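**Student:** Structure in structure tokens, see below.
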Amino acid sequence: MTQNKYLALSAVAAATLIIYKLLSKEQDDEKLPPLVKGALPFLGHIIQLQRNPRKFIQEAKREYGPCFRLRIPTQGTIVVVTSELIPEVMKNTKNFSFSQGIENIVPTAQVVHLSYDHKYIAEEISPRAKNPVIYPIKHNFKDDQIHVFSTRIQTALRKGLQEEFDIAPGEERAVNMQKKLAYLVSNISCPCFAVSNISKDREFIKGMADFTNKIIRAGILVTLLPGWLGKLLMRSTFSVEYEMDLIMSRLVPELERLRSEGTDGIEPTFATMAMNMPKEDGRLRSVKDVAYYFKDIALASIHTTSHFATFALHELASRPQLMEELRKEVSTLDELTPESVADLKLMDSFLREVFRCNTDYLGLHHLTLRDTFLSTGHLIPKGTLVTLAMDEAHQDPALLDMPDLENFNAYRFMRNENLKSTSTGINHLSFGLGSHRCPGRFFAVKELKLLIAEMIMRYDVKTRTGKRAEDFVLLGMTKFPPREPLIVTNRKV
């Protein structure tokens, strides 16, 4: 065969391969979820989504089905799955990673690395080891185990109220509720999760309250800005080095002392549990690593609890009759404890409705680890960010057979014993689903109930206008409590 024939055959083979790949790509593109029309250059769908997130997502589902694509600035093209497909994504942990998905949206781990790797890097957790952050919470903070922390919770809450709500009888004061509640929750969380005697350290308590807000803001900044600019500003302006120094300087000496003296008879905390939990090779972790892990607990416990506590008080502030009904229910108790408030039916129904109505429009983001087909036949390519339409699921009458789901109704769940504030399901995603269920939810809910009960028995809370203030919504996806201060009055005459 002549050289010309070889060249001709090679050219034909190359052309055939190119055509095959192009056709394959076209076929793969046809299998992708449909792209919602109307995306703008650079802005994608963000304007339509931000204008009315719930309406936009519901209309997209009606037109394109339970799975569709959106273009979001800084995130590129993402896939949205709605109510019926959410369990497929959340339960398929081999193909979809929740931890990597969340880090894509709010890279808190990256913020800590940029802020603190020059001072300390914790040992990598082996995949064969029990996770030192999740395991202690999952196995020691169950519903029937919270009594261990009861005295600490009560003492810390009342101390925090005296410090942060030092309002004279009859005095009326405008309060930034998000900031105040972050401190209150930090006051409770630190002696239960760090070390029990830390409650006297006001600098540490305040530092952890600030840390949770600061790291969220820094993570969003890193996501929204170009990589180099976000990292530059993060290191210079939004670094969490000071807060990490607080954690390491306060906890390491205390944990070293406890390890040398023995932990028999001490009040258990997350840190002491993690400190005594062996690694996969039987050795104990260093106390520095245990202290370092506390940052994850601080973020999860303080931010999430104060976030929903703020929503709860904004819901109450515009509903004085509901507040009075809750006061009557609380008044039936002989004493206010985490255990006693657990049995309040209206309080539990109210909290579940707070979770239902104030969840993110799009959240619980997952990163696709390998090409995956959904039951609808749609292909989700590896590397795709998948986000769950949480608010849409909470509003879906097919999942929750109740009237008027678009409006807040604190009495909605009072007659259904199976729909508790801590129970999870496709119609209640605020605490996750399946293996992603928040293991600290029992502690958080009892803490929330006690906090709300103490607040409404001590104070009147209202808005300036009598109406509920508007939420702050980021990128049409993430919902934050209103920024408007609430008017707080000491009820004592």
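**Student:** Output the residues belonging to the stretch 199-215 that are surrounded by fewer than 20 Cβ atoms within 10 Å (Cβ to Cβ) and touching a residue at least 40 places away in the same chain (Cβ under 8 Å).
**Tutor:** ASP201, GLU203, ASN213
**Student:** Looking at (1) assigned to a loop (DSSP other than H, G, I, E, B); (2) buried (at least 18 other Cβ atoms within 10 Å of the Cβ), find the lone condition where TYR411 falls short.
**Tutor:** (2)
**Student:** Hey, could you check the stretch 358-399 for residues that are in a loop (DSSP other than H, G, I, E, B) and β-branched (Val, Ile, Thr) and say which is farthest from ILE426 (Cα to Cα)?
**Tutor:** THR384
**Student:** Is there a residue being more than 24 Å from the chain's Cα centre (by Cα) and more than 30 Å from ARG71 (Cβ to Cβ) anywhere in the stretch 371-378?
**Tutor:** Restricting attention to the stretch 371-378, the residues satisfying the condition of being more than 24 Å from the chain's Cα centre (by Cα) are 371-378.
With more than 30 Å from ARG71 (Cβ to Cβ) added as a condition, the list becomes none.
No, the stretch 371-378 has no match at all.
**Student:** Working carefully through the options LEU246, LEU181, find the one that is of a type outside the set (Ser, Thr, Tyr) and either more than 30 Å from LEU450 (Cα to Cα) or crowded, with 22+ Cβ neighbours inside 10 Å (or both).
**Tutor:** LEU181
**Student:** Counting just the residues of the stretch 305-357 that are charged (D, E, K, R) and not in a helix (DSSP H, G or I), which one comes out surrounded by the fewest Cβ atoms within 10 Å (Cβ to Cβ)? It would help to see each step written out before you state the result.
**Tutor:** Start the filter on the stretch 305-357 by keeping residues that are charged (D, E, K, R), which leaves 315, 319, 324-325, 327-329, 334-335, 339, 343, 345, 348, 352-353, 356.
Still in the list and also not in a helix (DSSP H, G or I): 319, 334-335, 339.
On the way: ARG319: 17, ASP334: 6, GLU335: 8, GLU339: 13.
Only one residue fits best here, namely ASP334.
**Student:** State which residue pairs qualify: first residue within 12 Å of SER349 (Cβ to Cβ) and inside the stretch 402-423, second residue modelled with pLDDT of 95 or more and part of a loop (DSSP other than H, G, I, E, B) in any location, beta carbons under 6 Å apart, and separation of 6 or more residues or different chains.
**Tutor:** LEU419/PHE413
**Student:** Can ALA218 be described as buried (at least 20 other Cβ atoms within 10 Å of the Cβ), touching a Ser or Thr at 6+ places or on another chain (Cβ under 7 Å), part of a helix (DSSP H, G or I) and not polar (S, T, N, Q)?
**Tutor:** The answer is no for ALA218.
**Student:** Which condition number does ASP166 fail, the rest of (1) farther than 24 Å from ALA291 by Cα; (2) in a helix (DSSP H, G or I) being met?
**Tutor:** ASP166 satisfies all of (1) farther than 24 Å from ALA291 by Cα; (2) in a helix (DSSP H, G or I) except (2).
**Student:** Kindly list, by first and then second residue, each pair from a residue in the stretch 476-492 that is more than 9 Å from ARG173 (Cβ to Cβ) to a residue that is among the aromatic types (Phe, Trp, Tyr), limited to pairs with Cβ atoms under 7 Å and residues at least 6 apart or on different chains.
**Tutor:** GLY476/TYR361; MET477/TYR361; LYS479/TYR361; PHE480/PHE472; PRO481/PHE311; PRO482/PHE472; ARG483/PHE472; ARG491/TYR459
The values are calculated or read from the model by the stated rules, or taken from the named source; none is laboratory data. As the structure is a computational prediction, the values presented were derived from the model and not from experiment. Here the Cβ is made from the backbone with ideal geometry for all residues, glycine too, and neighbour counts use every protein chain on show.
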